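The values are calculated or read from the model by the stated rules, or taken from the named source; none is laboratory data. Predicted, not measured: the structure shown is a model, and the values here were computed from it. Positions of Cβ are generated from backbone atoms using ideal geometry, with glycine treated the same way; all protein chains shown enter the neighbour counts. Heads up: the accessible areas ignore ligands, DNA and RNA and are worked out on the full protein's heavy atoms, side chains in. Shrake-Rupley method; radii C 1.70, N 1.55, O 1.52, S 1.80 Å.
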Amino acid sequence: MANIKIAATIAVKPEHRAELAAVFADLVAASRAEAGNLRYDLHQDIADENRFVFFENWRDQAAVDSHNASAHFQNFLKAIDGKTAAVDIVLLHDVSDNGN
């Protein structure tokens, strides 16, 4: 089965940016340690410091499901509740010819 890639964009409320940046860093570290994770990166928009983008690569849907059920992901969801302006999550399959 093909890898599942995720692009998750989170716009945080400015007054919560520093707090959530630390929460995001913890999520990255814990997610990278998961068995089904192939890559988990966090980026900050150059033009908008309140906008963060996660790029994730998972072995398969079972790995995504396990991640979503994990304690660290559930804690992340609680930590961001009410502190974001927008959340956009897109699940993707690579259709380019690079073999990924």
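Numbers at a glance
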| quantity | calculated |
| --- | --- |
| With all protein chains modelled, accessible area of residue 23 [1.4 Å, Å²] | 30 Å² |
| Size of electric dipole in the chain: Cβ of Lys, Arg +1 and of Asp, Glu -1, about Cα centre, debye, nearest 20 | 160 debye |
| Angstrom value of the Kirkwood radius, inverse mean 1/r, which spans all Cα pairs in the chain | 14.1 Å |
| Solvent-accessible area, 1.4 Å probe, carbon plus sulfur percent, for the chain | 54 percent |
| Net +/- balance of residues flanking residue 92 in space, Cβ distance below 10 Å, scoring K and R +1, D and E -1 | -1 |
| Approximate spin-label separation residue 84-residue 38, in nm, with each point projected 7 Å along Cα-to-Cβ | 2.4 nm |
| Average accessible area per residue (Å²) across the chain - probe 1.4 Å, nucleic acids and ligands excluded | 59 Å² |
